[in-house]
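Peer 1: One structure, as structure tokens, below. Some questions next.
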Amino acid sequence: MIECPKCHRTERQHRAGKTDSGSQRYRCAFCRVKYTPNPKPWAYPEEMRRKALQMYVDGMNLRRIARHLGVHHRTVSLWVKAQADQLSDPPTPEQVKEAEMDELFTFIGEKKNKSTFSR
Ligand SMILES: [Zn+2]
């Protein structure tokens, strides 16, 4: 049974889409709080994920990013893959090897540098 973390009611808890990491989100009809009852183990704060992706686009490798943020490099790899899915919609993301991901992000990085040519 789903329970609102704020008012602790179990009735009228509606599904409200999914988080970036794929966890089901719910919304309480009484206090309108949105929450995720069972966050996935690799669901880290959005802020940290953004930081990791930014460092990746800037050319830092997965292991350095992972060490810098104190997360496992597989976690960073998952974030990068999830982001690549959103940006370019590759046909079989599970089969994309890390070497290919590097090429993809080099490409995205170049595109980004051209559009924001400020540094
Ligand atoms: Zn509530």
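Each reported figure results from applying straightforward, stated rules to the coordinates on display, with no laboratory input. Predicted, not measured: the structure shown is a model, and the values here were computed from it. Here the Cβ is made from the backbone with ideal geometry for all residues, glycine too, and neighbour counts use every protein chain on show.
Peer 1: Look at segment 24-40 and say how many of its residues are in contact with a Pro (Cβ under 8 Å, 6 or more places away or on another chain) and either in a strand (DSSP E or B) or surrounded by 14 or more Cβ atoms within 10 Å (Cβ to Cβ) (or both).
Peer 2: As a first pass, look at segment 24-40 and keep what is in contact with a Pro (Cβ under 8 Å, 6 or more places away or on another chain): 24, 26, 33, 35.
From what is left, the residues that are either in a strand (DSSP E or B) or surrounded by 14 or more Cβ atoms within 10 Å (Cβ to Cβ) (or both) are 24, 26, 35.
Residues that pass the stated criteria total 3.
Peer 1: Let me ask something else about it. Spot the failing condition for Lys6; the list is (1) part of a helix (DSSP H, G or I); (2) surrounded by 12 or more Cβ atoms within 10 Å (Cβ to Cβ), and only one is missed.
Peer 2: (1)
Peer 1: Could you tell me whether any residue of segment 55-62 is exposed (fewer than 13 other Cβ atoms within 10 Å of the Cβ), more than 15 Å from Leu78 (Cα to Cα) and within 16 Å of the ligand (Cβ to nearest atom)?
Peer 2: Scanning segment 55-62 turns up no residue that is exposed (fewer than 13 other Cβ atoms within 10 Å of the Cβ), more than 15 Å from Leu78 (Cα to Cα) and within 16 Å of the ligand (Cβ to nearest atom).
Peer 1: Additional query: Please count how many residues of segment 9-23 are more than 9 Å from the ligand (Cβ to nearest atom) and in a loop (DSSP other than H, G, I, E, B). Walk me through it before giving the result.
Peer 2: Filtering segment 9-23 down to residues more than 9 Å from the ligand (Cβ to nearest atom) leaves 10-11, 14-23.
Now drop any that are not in a loop (DSSP other than H, G, I, E, B), which leaves 10-11, 19-23.
Result for segment 9-23: 7.
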